[in-house]
Amino acid sequence: MKFTMKQFNDRFPTSDACLEELKQLRFADFACPNCDSSKLYKVKGRSMYASPCGFQVAPLSGTIFHKSSTDLRTWFLTIFLMTTTRSGVSAKTVERMTGVTYKTAWRMCNQIRTLMQDGGDLLTGVVEVDETYFQANPRKDSRLPKGKRTGEAGIVLGMAEVGGRVRVRRVPNSGLGMLDHVYENVSKSAIIHTDGWLAYKKLPKMGYTHAVVDHSIGQHVVDGVGTQNIDGFWNNLKRGVYGVYRHCEPKYLESYANEYAWRYSNCNSGVPMFELLLSKVA
Ligand SMILES: [Zn+2]
């Protein structure tokens, strides 16, 4: 589902239009507790609406926009940029495109990212599980001799439904502790595909149906068992993290990975991702 820049501009020409959208999302079933009226009028010069008797509602309260000095349309535009690009946007790009300071752009992106949390039902069907390593600074690192590289920003465990959703978790190491996340996120009825890594050999003991494709001996897909979905996700995530963010601070790794997983999981939902995220605000 496409949501174009032109559609965005037509629908949200001003911050008031954005506020109106939030009012619709949050107070669609409004009935005034005092006079029972369903009417709401914009309060001039304020981000508020009032019913005929003067009862006020604030569409921004309790949202990431509350008490922000950045105008609402800039927020909406940033959400648009983050939800319509396959690889996300850097704070630097948001700064360039909206005219806010870098610090403000960075804060907005971070706040918007908090809405991109996974959740809901356990992953089901065929689920590919894999872990991958991130370098703190891949460009700089590649110029340094091996022993002097700045090392890892962290390890991320990924779980991908074939043709469906992805979930990611940052893990301290690639040991058995990773399996706790599988247990918390993947239905017992799922069939799990992994490579031959030792830790995954415990999966059958946890009650999962487990099929292995052994990359170490050159296998990639055997009898329909493969890890192409999670591999594709890692490619997209790494291109983004190394290309868009340039360097990867360990403490933001999970939040970046979540942002990519959110887009991956929601890109075929039939609703533009912009709308999905906006409904999360409300
Ligand atoms: Zn009233």
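Being within 14 Å of the ligand (Cβ to nearest atom), on the phi < 0 side of the Ramachandran plot and in contact with a Ser or Thr (Cβ under 7 Å, 6 or more places away or on another chain) is a condition met by at least one residue of the stretch 16-31. Cβ separations smaller than 6 Å between residues 6+ apart or across chains give the following pairs from the stretch 12-38 residues that are under 16 Å from residue 78 (Cα atoms) to residues that are more than 16 Å from the ligand (Cβ to nearest atom) and among the polar types (S, T, N, Q): 19/47.
Quick one: is residue 160 touching an Asp or Glu at 6+ places or on another chain (Cβ under 9 Å) and either open to solvent by 50 Å² or more (accessible area, probe 1.4 Å) or at pLDDT 90 or above (or both)? Answer is yes for this residue. Report yes if some residue within the stretch 144-155 is in contact with a strand residue (DSSP E or B) (Cβ under 7 Å, 6 or more places away or on another chain) and modelled with pLDDT of 80 or more; otherwise report no. Yes; the residues of the stretch 144-155 include at least one that is in contact with a strand residue (DSSP E or B) (Cβ under 7 Å, 6 or more places away or on another chain) and modelled with pLDDT of 80 or more.
The values are calculated or read from the model by the stated rules, or taken from the named source; none is laboratory data. As the structure is a prediction and not an experimental result, all values here were calculated from the model. Here Cβ is always computed from backbone atoms with ideal geometry, including for glycine, and neighbour counts include all displayed protein chains. Heads up: the accessible areas ignore ligands, DNA and RNA and are worked out on the full protein's heavy atoms, side chains in. Shrake-Rupley method; radii C 1.70, N 1.55, O 1.52, S 1.80 Å.
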